[in-house]
Amino acid sequence: MKKDVVVLNCGSSSVKFAIIDATSGEAQMTGLAESLGNQDASVTVKYKGEKQKIALSENAMHAEALEEISRIIAKTGVEPVAVGHRVVHGGEKFKQAVQIDESVEQAIQECAAMAPLHNPANLTGILTAKTAYPSLPHVAVFDTAFFQSMPQHAYLYALPRALYRDHAIRRYGFHGTSHKYILDTTASELNKSVDETTIISAHLGNGCSVTAVVKGKAVDTSLGFTPLEGLVMGTRCGDIDPSLPTVLQQKLGKNAEEINKLLNTESGLLGISELSNDCRALEEAAEQGHEGAIIALEIFCYRLAKYIGGYMVATPDLDAIVFTGGIGENSSLIREKTLGYFSHLGVKLDADKNLDKRFGAQGEITAADSPIACWVIPTNEEWVIAQQAAQFA
Ligand code: AMP
């Protein structure tokens, strides 16, 4: 039976929205309200193959955007059964999706210190959407929830224990809904139950993370207390020597906030290549011999391979390594370079399959006799949110 769910992802100046049938995963409508708080605030909506852009009033914020979005949805005649909200940080409190009440709102607020750019915007979205849809269940789906199964030896940092007890400093992980989708879909592709499935899942988009999943449970992941740790990302540095921020403050005469900005927005592929944060643009430049692009892609793949290799210690009876996200789903070059680091372990890519699996194609990319299977599975975070929200309808 069809179960249409409104899926909302509220940022500080944007609202990404979709109507997803939780049963089939089909997106009836997708859209984006952007430039909220600016002169050119607008809502763009795609419905039945047609795209329409609607101007909002000058400096319109979330409330006006969500009013317009609910008007657009009402005009289609779709009757949603629930509203699913992406919430970035659920701390240690939320191990799964929950129906939102006042205590949940307060807990999301309390987690805002750990995700100051995201949780307040998520909460604003929840509060305004409740006005637009007062009679529907509103459900919070947390990016961090999937990782709450990690053991202490994976989530504790080697810092004084009191920092964990008193300040909740630990690894939380992000991109949880994407890794969950990859787990469920891999299990179904391999005809296994989820709790028998062991994978290493690489979500490679503008933000990147690798997660080790053993028998359906996340046991380690590369993003940490914040989404800065781990892999090289579009503009984020990933792992560096932890004393570097102090060294950089001294050398550059910048304050802590400025260094944090440098690590988050001026580093990664952009910082190394001195050209772009966009993998596709870098691949094109590398082909023309751009030195920065060549080394940026090499570092990206080497770091990724190191993480995948590292997670092999945690994943006995590994069923598959799976690539997803804009880069993972589309870049046969990145997959080939990364898996090249495992050729001495016998991992054998099938070049044709690797080239085929782009632009939404799903399937295995390794040869039949490869000891470890590698897959490409396009992610669908909105569907996971819709499925989890529909449980409360
Ligand atoms: P996402 O954040 O998941 O939308 O992913 C964005 C990243 O995917 C950007 O770095 C894009 O350059 C990259 N990407 C998208 N399509 C391709 C492609 N065909 N080849 C290489 N990278 C791509």
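The values are calculated or read from the model by the stated rules, or taken from the named source; none is laboratory data. The structure presented is a predicted model; accordingly, all values stated were derived computationally and were not measured. Cβ placement follows ideal geometry from the backbone for every residue including glycine, while neighbour counts extend to all protein chains displayed. All accessible areas refer to the heavy atoms of the entire protein, side chains included, with ligands and DNA or RNA removed. Shrake-Rupley method; radii C 1.70, N 1.55, O 1.52, S 1.80 Å.
If you line up the long axis of helix 291-311 against the longest principal axis of the chain, both from Cα atoms, how many degrees apart are they, to the nearest 10? So the helix axis and the longest Cα principal axis differ by about 90 degrees. Residues MET1, MET150, ordered by accessible area of protein heavy atoms at a 1.4 angstrom probe radius and largest first, appear as MET1, MET150. Loop-located chymotrypsin sites (Phe, Trp or Tyr not before Pro) in region 303-393 (DSSP state not H, G, I, E or B) with no more than 15 neighbouring Cβ atoms inside 10 Å: PHE359. For region 247-264, 3J(HN,Hα) computed residue by residue from phi via the Karplus equation (6.51, -1.76, 1.60; θ = phi - 60°) reads 4, 5, 4, 5, 5, 9, x, 9, 8, 4, 5, 5, 5, 4, 5, 4, 6, 8 Hz, glycine and proline entered as x. Within the same chain, lysines fewer than 8 places from LYS46 are excluded, and of the rest, those with a Cα less than 30 Å from its Cα are LYS2, LYS3, LYS16, LYS75, LYS130, LYS180, LYS357. In the chain, helices alone account for a calculated mean residue ellipticity at 222 nm of -11000 deg cm²/dmol, with every DSSP H run of four or more residues adding -39,500 (n - 2.57). For region 6-92, trypsin sites (Lys or Arg not before Pro) meeting the loop criterion (DSSP other than H, G, I, E, B) and having at most 10 other Cβ atoms within 10 Å: LYS48. Taking a ≥ b ≥ c as the square roots of the eigenvalues of the alpha-carbon gyration tensor, region 104-227 is classed oblate because a/c is 1.5 or more while a/b is no larger than b/c. Averaged per residue, the chain has 46 square angstrom of accessible surface, using a 1.4 angstrom probe with ligands and nucleic acids left out.
Residues whose amide H comes within less than 5 Å of that of ILE321, counting only those at least five positions distant or on another chain, are ILE200, ALA373, CYS374, TRP375 (H built at 1.01 Å from N in the peptide plane). Here the relative contact order of the chain, from alpha carbon pairs under 8 Å that lie six or more residues apart, stands at 15 percent.
Subtracting the Cα-Cα distance of ASP350 and ALA158 from 0.36 nm times their residue separation leaves 65.1 nm of extension gain. In terms of its C-alpha gyration tensor, region 280-393 has an oblate overall shape, because the principal axis ratio a/c (a ≥ b ≥ c, square roots of the eigenvalues) is not below 1.5 and a/b does not outweigh b/c. Each label was represented as a point 7 Å from its Cα along the Cα-to-Cβ direction; for GLU26 and LYS75 these points are 2.2 nm apart. Averaging Cα coordinates gives a centre for region 189-230 and one for region 355-376; these two points are 18 Å apart.
Sequence-ordered 3J(HN,Hα) estimates for region 234-245 from the Karplus curve with 6.51, -1.76 and 1.60 and θ = phi - 60° stand at x, 10, 9, 6, x, 4, 9, 4, x, 8, 4, x Hz, glycine and proline given as x. The stretch between THR265 and ALA113 holds 52.7 nm of extra length on full extension. This uses 0.36 nm per residue minus the Cα-Cα distance. Angle between the Cα long axis of helix 176-189 and the longest principal axis of the chain, 0 to 90 degrees, nearest 10? That helix lies at roughly 70 degrees to the long axis. With the cut-off at 1.5 for a/c, could you classify the chain from its C-alpha gyration tensor as rounded, prolate or oblate? Rounded is the answer for the chain, as its axis ratio a/c remains below 1.5.
For region 309-393, which trypsin sites (Lys or Arg not before Pro) are in a loop by DSSP, counting at most 14 other Cβ atoms within 10 Å? Sites meeting the loop and neighbour criteria: ARG358. Surface composition of the chain: carbon and sulfur atoms hold 51% of the protein heavy-atom accessible area at a 1.4 Å probe. The simple Förster model, with R0 at 45 Å and r as the Cβ-Cβ distance, assigns SER135 and MET312 a FRET efficiency of 0.35. Region 246-278 and region 1-38 have Cα centres separated by 33 Å. Sites count as exposed loop sites when they are GluC sites (Glu not before Pro), lie in a DSSP loop, and have at most 16 other Cβ atoms within 10 angstrom; the longest stretch of the chain without one is 93-265. Where does helix 62-76 land angle-wise versus the long Cα axis of the chain, in degrees 0 to 90, nearest 10? Rounded to the nearest ten degrees, it is 80.
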